[in-house]
Amino acid sequence: MRGNADVRTTGYGTEPPLQRFLASCHQEFKSDNSGELADYIPELKRANPAHFGISLVTIDGHVYEVGDSAAPFTIQSVSKAFVFALALDLVGEARVASAIGVEPSGEAFNSIRLTNDNKPFNPMVNAGAIACSGLIHEVDGRAAFERIRDKLGQFAGRELDVDDAVHASETATGNRNRAIAWLLRNYLVLQDGVDAVLDIYFRQCAILVTARDLAVMAATLANRGVNPVTGVQVVTPHVVARTLSVMTSSGMYDYAGEWIYRVGMPAKSGVGGGIVAALPSQLGLGTFSPLLDGHFNSVRGLKVCEALSARFDLHML
Ligand code: DON
């Protein structure tokens, strides 16, 4: 880390300043009960609003964690960044660009609006993520979901499971995404059947992760595609650069400008309460707290990222 002499373990039984700072953030922000659980996917209402975990992984594989960093929750939209990376890897940049733009939409994650040439604005909003799932389905057909689960597992450094109840809940209620997918099918952004593609998308959103998993996944992006814990090259540095670019411009939806201004790290949030942030060549951060603000970003997660960025001068600019 920048100016990092003081963040390493100093020995003599004392906690490193970074660990102490994460603990103090956890202590300070856990009493903030503002925000709401996502309820448009009914099963997400069953989350424990008190859950709060933070993990930070450096690119040399050092793991820091506080609170409920091992509590599982569904990855939801955080998957979009990693599935975009997979799509770039699998079908190449030109094919991805023919289907999905890279402009911030300035709109909510579930906006049905497309660009003037009838493409999703970017891969971080639902329309773009559904298009990404479609690209992977074009290559893999019914095996597409296993490809996604396997790749996300490589990013996390362990095999990841699916929350079947959340998957079923979104399948039963996800008519807005169904409408978006039919629009994409109309414009031939989706070339395969809507139901098959949406099932991949809903399933990828229901993959279970922990804050620690998210930190390792982010650290893999920060480390030019090499998982710093397992040493596996998960994607190429070129794919990482493209992925971090869209995370920078669009990862936090209609809060993306404010986020990059205040925190200054490429990031992605999800309605399960997760946030990943990656500081290239330095670290990955994963937070989990399911209480969300009006942009559907985790309230406590935003506070942690802002405080950490300010304290350790992590803004990339
Ligand atoms: O498609 C959806 O609406 C959810 N499966 C994911 C949305 C999401 O996580 C938005 N993030 N803040």
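The values are calculated or read from the model by the stated rules, or taken from the named source; none is laboratory data. Note that the coordinates shown come from a computational prediction; the quantities given were computed from them, not determined experimentally. Positions of Cβ are generated from backbone atoms using ideal geometry, with glycine treated the same way; all protein chains shown enter the neighbour counts.
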Query raised in the report: Is it the case that some residue within segment 262-276 is within 15 Å of the ligand (Cβ to nearest atom) and assigned to a helix (DSSP H, G or I)?
Result: no
Report task. Looking only at segment 109-117, decide whether some residue is more than 16 Å from the ligand (Cβ to nearest atom) and within 19 Å of the chain's Cα centre (by Cα). Result -> no
Query - Verdict on Val304 being in a helix (DSSP H, G or I), farther than 23 Å from Leu44 by Cα and either assigned by TED's automatic domain parsing to the domain that holds Arg147 or at pLDDT 95 or above (or both) - result: no
Query raised in the report: Taking segment 220-238 as the search range and keeping residues that are surrounded by fewer than 24 Cβ atoms within 10 Å (Cβ to Cβ) and of a type in the set (Gly, Ala, Ser), which one is nearest to the chain's Cα centre (by Cα)?
Result: Gly225
Query raised in the report: Somewhere in segment 283-290, is a residue at pLDDT 95 or above and either surrounded by fewer than 24 Cβ atoms within 10 Å (Cβ to Cβ) or of a type in the set (Asp, Glu) (or both)?
Result: no
Requested in this report: Considering only residues that are more than 11 Å from the chain's Cα centre (by Cα) and crowded, with 24+ Cβ neighbours inside 10 Å, look in segment 68-87 and name the one that is farthest from the ligand (Cβ to nearest atom).
Outcome: Ser69
Query raised in the report: Filter segment 171-219 for residues that are without any contact (Cβ under 8 Å) to a residue 40 or more places away in the chain and closer than 22 Å to Arg147 by Cβ; which is surrounded by the most Cβ atoms within 10 Å (Cβ to Cβ)?
Result: Phe202
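For (1) within 23 Å of Leu279 (Cα to Cα); (2) touching a residue at least 40 places away in the same chain (Cβ under 8 Å), each residue gets a yes or a no:
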{"residue": "Gly61", "(1), (2)": "yes, yes"}
{"residue": "Ala97", "(1), (2)": "no, no"}
{"residue": "Val102", "(1), (2)": "yes, yes"}
{"residue": "Phe155", "(1), (2)": "yes, yes"}
{"residue": "Arg158", "(1), (2)": "yes, yes"}
{"residue": "Asp164", "(1), (2)": "no, yes"}
{"residue": "Ser169", "(1), (2)": "no, yes"}
